[in-house]
Every structure is written in structure tokens, then in C-alpha cells.
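Q: Have a look at this one before I ask anything.
Where a number appears in this text, it was derived from the coordinates with a stated rule and is not lab data. If you're wondering where the values come from, they're calculated on a predicted model, not measured in any experiment. Here the Cβ positions follow ideal geometry from the backbone for every residue, glycine too, while neighbour counts run over all protein chains shown.
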């Protein structure tokens, strides 16, 4: 796209970022290309869903990929109008909607569906949990998050940032922290750094009931400073069937496998 951002504003060729949507538009082409090239094709998907394409800086690299069929969800009307004008070839695959309210089945079309995007920071955790809810359709995700959130999702046990999102995401996906992104590559620059993650779905059945895993993890971290015996007092845990040191541990000390074991025994 020709010209500086200031020239684009004057030519009405650029969408003004809106605080209400938490918009920070990426303008660095090398970062956009690196994000697009982080897709591996794991799971053999053909359909790719971009969340919040904005002004298309990432979109242009995705639609050039012959191995995927691009689809997009964008809430902002101005961005949708911009994308229709500048990328008319994708008009029939662009939906103006709220991703959190959309069913992914319509985009998956009974097949596997990858997800990619520079996610709005204010709804990024909700996006992650929606991906988990639809894990049978989503073999891969590449997304940009606020760096703090990205590190929390990828955190290993024992880390201070290890929590509910870490455990529940890593239960179903291999999580890789790919690279950090400086604030200055956005318009307007956010007050924080960003980080790009890749999720690759784990194959095979969960070794415990999903509902029990969610209950144990959420209850334990709800009072993360307490020992498990105290934080899980409301659950009927068979402590006698668990390692002797479990009751005295705190949730951040438990590995993913430990949480699986805990979920098997209440």
C-alpha cells in the first residue's frame, strides 16, 4: 500500500483505529510475513479463519498461500468496507460479525479449520477458551497476544504466571512461544509488548474426564496461595489414592500430568 500512514489518512485509504474495539493495527510487513509463515499446516487443514483482519496487513500474505482457503471475521464496519475495497477477491469469504458469538462449524464445513490473527488484547483469553471448546475442529492456531498473556499461556509449572489458562490450553495443545513484537510496529503503539504463539493440537484422548479437569484446575487456582487440601476442600478428593505430598502442594507446583491424576481421583 503506497505512502505513509499520514498520507493514507488524507487519502481515506486507512481505517482509523478505534479504542472501543481495542484496535492496534500492525504496519510492519516483516512481522506480518513472519506470523503468516508460522502456520505449519498441521492436521492437513484447508480452511483458515483470520480473526480481526483489520486493514489486511496479515491477510495479503494468507490469501497468497495456495494451501489454504482464507475466511475472515471482522467486527468493525470500517475495516470490512476497507477490505472489500482493497481485497475484492475475498469479499464472499469475509463476515462482519463478533467471533465470540459465531459458530465455527460454518467455517469448518465439516473439515479441520486453522485459526490465525492479531487478537484484540481485551478478548484474547476468551478467544483461547473458544478454541479449546472447538478443539476437535481446530488443529492449529497462530496468534498475537499481549506478551504477558502469551507468556502466561505458555508458562511451565512452577512459574508464577502458571495458572488456569496455562493448564487448560496445554492439556489439549502443544504451546510454543515463537517471538516477541515491539509496540512501535503498531498504529497506535500499545503500552505493552506483544508475543506470538502457536498451538498444535495434541492427538489422543484426555486421560481423565474433561469436566473434572476443568473443575479441579479452576477450583485450585481460585485460591492459589492455599494448599490443595484447603483449596479443594469443596471437592471429594481421594487423597489416599494420590502421592503423599499432594495435599500440601500449591497449584502452581503441579505439572499437567499431576492435574490429570488429581482429576482421576475425585
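Q: Taking the number of other C-beta atoms within 10 Å as the exposure measure, put 137, 239 in order starting with the fewest.
A: 239, 137
Q: Which whole-number percent gives the relative contact order of the stretch 135-235, counting Cα pairs below 8 Å spaced six or more residues apart?
A: 30 percent
Q: Compute the helix-to-body angle for 210-222: its Cα long axis versus the longest principal axis of the chain, expressed 0 to 90° and rounded to tens.
A: So the inclination is approximately 90 degrees.
Q: Here's another thing I want to ask about it. For the stretch 210-264, rounded, prolate or oblate, judged on the Cα gyration tensor with a ≥ b ≥ c (square roots of eigenvalues), a/c < 1.5 rounded, else prolate if a/b > b/c?
A: rounded
Q: Okay, moving on. Provide the three semi-axes, in whole Å and in decreasing order, of the ellipsoid equivalent to the stretch 141-258 as defined by the square roots of 5 times the Cα gyration tensor eigenvalues.
A: 32, 16, 10
Q: Using only helices, what value at 222 nm comes out for the chain when you add -39,500 (n - 2.57) per DSSP H run of length 4 or more and divide by the total residues, to the nearest 500 deg cm²/dmol?
A: -8500 deg cm²/dmol
Q: For the stretch 210-264, what relative contact order do you get, as a whole percent, if you take Cα pairs closer than 8 Å and at least 6 residues apart?
A: 46 percent
Q: Using the 2.2 N^0.38 Å rule of thumb for compact globular proteins, work out how the stretch 27-163 stacks up: its C-alpha Rg over that value, please.
A: This ratio for the stretch 27-163 stands at 1.04.
Q: Let me ask something else. How many angstrom separate the Cα center of the stretch 211-266 from the Cα center of the stretch 175-210?
A: 26 Å
Q: With a 10 Å Cβ neighbour count serving as the proxy for reagent exposure, in which order, fewest first, do 71, 157, 240 appear?
A: Arranged by neighbour count, lowest to highest, 71, 157, 240 become 240, 157, 71.
Q: Could you check what % of the DSSP bridge pairs in the chain are antiparallel, to the nearest 5?
A: Just about 50 percent of them are antiparallel.
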